[in-house]
1. Of all residues in segment 86-119, count the ones that are within 59 Å of the chain's Cα centre (by Cα) and in a helix (DSSP H, G or I).
2. Checking ALA184 against (1) at pLDDT 95 or above; (2) loosely packed, with under 13 Cβ neighbours inside 10 Å, which single condition isn't satisfied?
3. Here's a check for you: in segment 55-82, which residue that is of a type in the set (S, T, N, Q) and over 21 Å from the mean Cα position of the chain (by Cα) is surrounded by the fewest Cβ atoms within 10 Å (Cβ to Cβ)?
4. From LEU307, LEU348, LEU249, LEU311, which residue is modelled with pLDDT of 90 or more, assigned by TED's automatic domain parsing to the domain that holds VAL384 and buried (at least 18 other Cβ atoms within 10 Å of the Cβ)?
5. So the check is Cβ under 6 Å with 6+ separation or different chains; which pairs have a first residue in segment 355-371 that's surrounded by fewer than 16 Cβ atoms within 10 Å (Cβ to Cβ) and a second one that's polar (S, T, N, Q)?
6. Given the residues GLU166, GLU105, GLU132, which is the only one that is of a type in the set (Asp, Glu) and surrounded by fewer than 14 Cβ atoms within 10 Å (Cβ to Cβ)?
7. Quick check on SER76: is it polar (S, T, N, Q), outside the structural domain of THR377 (by TED's automatic domain parsing), in contact (Cβ under 8 Å) with a residue 60 or more places away in the chain and under 12 Å from ILE210 (Cβ atoms)?
8. Would you check if there is a residue in segment 40-54 being surrounded by 10 or more Cβ atoms within 10 Å (Cβ to Cβ), modelled with pLDDT under 95 and within 30 Å of PHE312 (Cβ to Cβ)?
Amino acid sequence: MKTRSQLFIALLLGIAGVLTAVAIVSFPPQVDHQENIVKAPSVQFIKVKPQRLRMNVRSQGRVMAQTEIDLVTGVSGNIIKVSPVFVSGGFFSKGDLLVAVDPAEYDLRVAQAQARVMEAQYQLTREEAEAEQAHDEWQQLGQGDPNPLSLRIPQLREKKAKLAAEQEELRNARLLRQRTDIKAPFNGRVRSKEIGLGQYIDDGTLLGRIYSSDVVEVRLPISTHELAFIDSPDLPQHQQSAQPAIVKLTANYQGQQQIWPGKIVRSEGVVDQDTGMIIIIAQVTDPFRLAVKKNQSTGETSRTPILPVGLFVEAIIEGRWFDDLVVIPANALYKEQRVAIIDSGNRLRFRSVEVFRREREQVIIKAGLNKGERILTAGLHHPVEGMEVAPTDESIP
């Protein structure tokens, strides 16, 4: 009985399997056949817009005095006076007395030289009288050509030479006397002081170090390629402008960003062998605002701070104007100076261009692009010639 039940179940399962197979064959599942459609990638672009641009040049350097010298004495003696302004950081004007040396010894030298000059003048006057007398006597008694000694010509020349020598000695004595008063050779400021009141100094002793305050300079290194962008008084490769190039110096000073105007006055004319850079010199007048006087009508003074020597500054040099330049993002320029142009059929076409200037975030193109053309800027990591793209919004260069 049990065996019959098992056979019956197996028969039912077999019949069910056959019916299922027949159903699958008779009614196969419907497959939705769809074509694989590749969509063009979306990309961003900019349109070519030629424009007139000023090519400013950036650099940096440290402020230094136009003139800085060691103040050295030309005489010896005890210091009897030191000016109150002759201290580190003190300001002075041209001609101010900075240090005075005891002049007693040099006053004596002047007096002695004056006495010798007077003696030489007396001897010359006496010799001239004797020479005149000798000439008169020869005219009365002499015959033939006169002897120079008889006319006292050599003696007269000797007295004249003696007087000239004594006069030079007097001038030298007076010069040494003048050197006992050490005066400022220019408007300036004291960097360091090396002597004190009452100190004995020898000829050639260092009194201190001073620098001029009327003008400061900044040495600005730029590449030789950037020389084409600026006008400088001694750069012959392009026509000089009527006015020197303007430079704007900036630095964080007194707790905020400050700006000082200046001008480019010259270049050093030598290319550095290590860096390949050339140095141009910027000047700023009245860096300590000594010439800026209080406005009598408004009671206001200049708010521009002083420009101290030694300050490190950034510089923006005003460049020349150039026409028909195109600015594109730096990532839009590919190898071998090529850009990807999106043609009218929205396909990429590579084209070589002439790069005028490279900057950190943008490139300036001089030639190779036409107004209105679309340049690929974003959306593809590896663009391919002829690839179809879907341009979207125009990006900002």
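The values are calculated or read from the model by the stated rules, or taken from the named source; none is laboratory data. Being a predicted model, the structure only gives us computed values, none of them experimental. Here Cβ is always computed from backbone atoms with ideal geometry, including for glycine, and neighbour counts include all displayed protein chains.
1. Here is the first cut: in segment 86-119, the residues within 59 Å of the chain's Cα centre (by Cα) are 86-118.
When the remaining residues are screened for being in a helix (DSSP H, G or I), the result is 104-118.
Residues flagged as within 59 Å of the chain's Cα centre (by Cα) and in a helix (DSSP H, G or I) within segment 86-119 amount to 15.
2. (2)
3. In the first step, residues of segment 55-82 are kept if they are of a type in the set (S, T, N, Q); the result is 56, 59-60, 66-67, 73, 76, 78.
With over 21 Å from the mean Cα position of the chain (by Cα) added as a condition, the list becomes 73, 76, 78.
On the way: THR73: 20, SER76: 17, ASN78: 13.
For segment 55-82, the residue satisfying everything is ASN78.
4. Details: LEU307 fails: assigned by TED's automatic domain parsing to the domain that holds VAL384; LEU249 fails: assigned by TED's automatic domain parsing to the domain that holds VAL384; LEU311 fails: assigned by TED's automatic domain parsing to the domain that holds VAL384.
Of the residues listed, the single one that is modelled with pLDDT of 90 or more, assigned by TED's automatic domain parsing to the domain that holds VAL384 and buried (at least 18 other Cβ atoms within 10 Å of the Cβ) is LEU348.
5. Pairs that qualify, where the first residue is surrounded by fewer than 16 Cβ atoms within 10 Å (Cβ to Cβ) and the partner is polar (S, T, N, Q), are VAL355/GLN337.
6. Numbers: GLU166 fails: surrounded by fewer than 14 Cβ atoms within 10 Å (Cβ to Cβ); GLU105 fails: surrounded by fewer than 14 Cβ atoms within 10 Å (Cβ to Cβ).
Step by step, each of GLU166, GLU105, GLU132 is checked, and only GLU132 is of a type in the set (Asp, Glu) and surrounded by fewer than 14 Cβ atoms within 10 Å (Cβ to Cβ).
7. Numbers: polar (S, T, N, Q): yes; outside the structural domain of THR377 (by TED's automatic domain parsing): yes; in contact (Cβ under 8 Å) with a residue 60 or more places away in the chain: yes; under 12 Å from ILE210 (Cβ atoms): no.
No, not satisfied.
8. yes
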